[in-house]
1. Based on DSSP, what percent of beta bridges with both residues in the stretch 37-153 are antiparallel, to the nearest 5?
2. If r is the Cβ-Cβ distance from Lys75 to Glu127 and R0 is 25 Å, what FRET efficiency results, to the nearest 0.05?
3. Using a ≥ b ≥ c from the Cα gyration tensor of the chain (square roots of the eigenvalues), is it rounded, prolate or oblate, where a/c under 1.5 gives rounded and otherwise the larger of a/b and b/c decides, a/b for prolate?
4. Could the peptides 23-34, 99-110 be put in order, highest first, of the mean number of other beta-carbon atoms found within 10 Å of their residues?
5. Between Val9 and Thr49, what is the label-point separation in nm under the 7 Å Cα-to-beta-carbon projection?
6. Give me the extension gain from Asp95 to Gln82: residue separation times 0.36 nm, minus the current Cα-Cα distance, reported in nm with one decimal.
7. Distance between Cα centroids, the stretch 13-28 to the stretch 97-128: provide it in whole Å.
Amino acid sequence: MGDRLRPGVPAPAFSLPDQSGTDVALSGLRGRPVLAYFYPKADTPGCTTQACGLRDVAGAVGGTVILGISPDRPKRLAAFDQKYSLGFALLSDMDHAVAEAYGVWVPRRLYGRSYMGILRSAFLVDEHGVLSHVWYKVAPAATAQNLLQALSS
């Protein structure tokens, strides 16, 4: 795995298309906290648990922007958003360049097969573009709770 990011360092910049094909740039969200979370694949059990948990707390996070990031195509992300009424931006990182910058594109193993994939992780970026909280290998159900706890501290 690449170098892990730590709280207190600037968040790696990115600009990615969302589920409607509109580019979303982290720099365009300055002035607001941003939760950028990385997940392996839209509409799979763990990813659905994670996304729906964040959807369910979205009203309690004030002006915090929630961004889900995966290697999925925008069309698949749009179907995922529509199916579960997520209501936040899902970003397409098909070349996994942003995942690499955040240290979450890593070797994985499943049923004895090795491949490169996403290490489910979440990053809370403050209003100045600096990482305030970092959660590598986060459990799907813990993402929303971690966010709420971080915002209340």
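Taken together, the values in this text are just the output of simple stated rules run on the coordinates, not laboratory data. As the structure is a computational prediction, the values presented were derived from the model and not from experiment. So basically every Cβ, Gly included, is an ideal-geometry build from the backbone, and we count neighbours across all protein chains shown.
1. Antiparallel: roughly 65 percent of the beta bridges in the stretch 37-153.
2. Details: r = 32 Å, r/R0 = 1.29.
The calculated FRET efficiency here is 0.20.
3. Because its axes are fairly even, with a/c under 1.5, the chain counts as rounded.
4. Working: 23-34: 14.7, 99-110: 17.2.
Ranked from most to least packed, the peptides come out as 99-110, 23-34.
5. According to this spin-label approximation, the distance is 2.9 nm.
6. This chain segment gains 2.3 nm when fully extended.
7. What the calculation gives is 18 Å, centre to centre.
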